[in-house]
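Have a look at the structure below before the remarks.
Computed from the coordinates by the stated procedures, all read-outs in this text should not be read as laboratory data. Small disclaimer: the values here were computed from a predicted structure and weren't measured. All Cβ positions, even for glycine, are placed from backbone atoms using ideal geometry, and neighbour counts span all protein chains on display.
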Amino acid sequence: MLFAALSSAVGAVLLVAGIPKVRDRDRMARVVRGYKLLPDGVAPVAGALLPWIEIVIGTALVLGIAPVASGTLAACLFVAFFAGLSINLIRGRNDLDCGCFAFGGGSDEVGHIGWWHSARAAALAAAGIAVTFTPAMGTFERIGGAAIGLLAVTVVCVGVYARSVMSFGRRPIDQYLSNAATEMRAVSYISRY
């Protein structure tokens, strides 16, 4: 059941990463081109194919289809991501949109990569390798493990989303009010004279 959960979790990560990227081929091509690892003519093709590769491998992993092959392909994909991220970080180029899970920020916002992204890709590659050791299992074990893996990824996705839209504490409003108070003091000070 553990291997089924791991396989489903890695597959779900690939699905969560691949599905949103299908809609914006041009932006995906820009992300691939930004890494400066492939010739400019290959970037649009890689940008168009990469989301579909992630979706196909992710689906195979979630459904438990050919775990050795799908685990190996996932590991190779994550090793390629690790290499691309690490090479650019070593070059001192961290002002790139990772392109990991759709695209960072708004259309004008420049994403930033860091060693965290590289470490995450390496950990997912290791998980892909571990999936290749999946023993034969029954239907109940497969379904139970898949449910656990999908639930784990869902909880993480909901947590990340909630963190991005919710603010715990008063810091953002305090910062806004602090700026407004400073501006009002300045206006009040100037209006005295």
Honestly segment 4-89 on the Cα gyration tensor test (a ≥ b ≥ c root eigenvalues; a/c under 1.5 rounded, otherwise a/b vs b/c for prolate or oblate) is just prolate
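Contour minus end-to-end for W52 and D95, with contour as 0.36 nm per residue of separation and end-to-end as the Cα-Cα distance? Walk me through the numbers on the way to the answer.
Working: separation 43, 0.36 × 43 = 15.48 nm, distance 2.56 nm.
Residue separation times 0.36 nm, minus the Cα-Cα distance, leaves 12.9 nm.
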Projected onto the charge dipole of segment 1-79 (unit charges on the beta-carbon of Lys, Arg, Asp and Glu, signs +1, +1, -1, -1), the Cα from P67, A48, A12 with the largest positive-side position is that of A48
With x for Gly and Pro, the residue-by-residue ³J(HN,Hα) of segment 55-63, computed from phi through the Karplus equation 6.51 cos²θ - 1.76 cosθ + 1.60 at θ = phi - 60° and given in whole Hz, is 5, 5, 5, x, 5, 4, 5, 5, 7
Here the net charge surrounding G64, from other residues whose Cβ is less than 15 Å away from its Cβ (Lys, Arg +1; Asp, Glu -1), is 0
